[in-house]
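Here's the structure, in structure tokens; my notes come after.
The values are calculated or read from the model by the stated rules, or taken from the named source; none is laboratory data. Bear in mind the structure is a predicted one, so any value in this text is a computation, not a measurement. Glycine gets a Cβ as well: all are built from the backbone with ideal geometry, and neighbour counts include every protein chain shown. Just so you know, the surface numbers come from the protein's heavy atoms only, side chains and all, with ligands and any DNA or RNA stripped out. Shrake-Rupley method; radii C 1.70, N 1.55, O 1.52, S 1.80 Å.
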Amino acid sequence: QRRSLVVDVPGGAARLDPVVLGDRIAVVEVFVPDAAMSRGSGTRLLLLGAVALALVGSAVVVVDRVATRTVYATRGLIDGALAIGDGDLAARVEPTGPRELAEAGHAFNQMAERLDAARTDERELVADLSHRLRTPLTVLRLDAEALESDDTSVGTFSQAELDHRRGIRRIRQAIVTLEGEIDVLIKTTRKAVTHDAGPAMCDVSEVVRDRMVFWSALAGDQNRPHRVSGAQLRIPAPVPRAELAA
């Protein structure tokens, strides 16, 4: 059939290879006994087993390292999320591990920074609004104090006069209550900002000069003379700059 064959024969195996010799086909026969075929098979099996064990061991080591990095990165994200949930917006994670977890770590840090900035802006806004409310509230208090007495214990009054004086008393009490609430709001906001930022210092002169640049425009529009005195030297004060400016 002009093709090589391997056939089983008694005592071993024979390989038959055709060879073209002119117009004839000769067959080369090689006989291999069973003893020769099985010789060295134990060594080969041991070698294959050792290679298999080495491959399995290497795979275990690689998988263990990858899993350790993955678990470490995941644990960092979990700890950071728990810290954020407890109110610690300064918590950050180290972006490590596989690419996806590293990207998640970067995204987590960006989210924490935005939350921290949003909380800071919110507190500054609350503090600024609280300080701004003091001016109209002071005007109300002065106007209320300029009203007549609200004492109803001395003298004889008609019902209308009693209602009038009681109304003045309620106005004054409401103003006092509102002033107290604004003071509490300002102190609470200041305490929170100081706790987050730690001890803060600012230069009083710098703040005064900066604010006067802002207010000088209004003074110029209203033809009001203005002058800044004593703001040439540095005057440090243990107050956050934003609070002093407000």
By accessible area with a 1.4 Å probe, ligands and nucleic acids excluded, highest first: order of Leu162, Leu140: Leu140, Leu162
Cα lying deepest toward the dipole's positive end in the range 65-211, options Leu125, Ile78, Thr138, charges on Cβ: Ile78
Extension gain from Ser149 to Arg65, taking 0.36 nm per residue of separation minus the Cα-Cα distance: 22.0 nm
Backbone N under 20 Å from the His226 label point (7 Å along Cα→Cβ), restricted to the range 109-146: 128-129, 131-136
Residue-wise HN-Hα coupling along the range 88-96, computed from phi with Karplus coefficients 6.51, -1.76, 1.60 (Hz; x: Gly, Pro): 8, 6, 8, 5, 9, 10, 8, x, 9
Distant-in-sequence amide H partners of Phe157 (H built 1.01 Å from N, under 5 Å): none
Only Lys, Arg (+1) and Asp, Glu (-1) charged, at Cβ; the chain dipole about Cα centre in debye: 680
Folded to 0 to 90 degrees: helix 41-85 orientation relative to the chain principal axis, Cα: 10
Between the range 1-65 and the range 120-178, the Cα center-to-center distance that results, in Å: 106
Between 0 and 90°, nearest 10: helix 159-197 axis offset from the chain longest Cα axis: 40
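For the chain, what does the equivalent ellipsoid look like in terms of its semi-axes, each the square root of 5 times an eigenvalue of the Cα gyration tensor, given largest first in whole Å?
Working: eigenvalues 1873, 120, 61 Å².
Equivalent ellipsoid semi-axes, largest first: 97, 25, 17 Å.
How long are the three semi-axes of the equivalent ellipsoid of the range 14-125, in whole Å, if each is the root of 5 times an eigenvalue of the C-alpha gyration tensor, listed from largest down?
Square roots of five times the eigenvalues give 72, 19, 6 Å.
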Residues of the range 64-80 with amide N under 19 Å of the 7 Å Cα→Cβ point at Ala102: 64-78
Helix axis angle, 204-221 relative to the chain longest principal axis, alpha carbon, degrees: 60
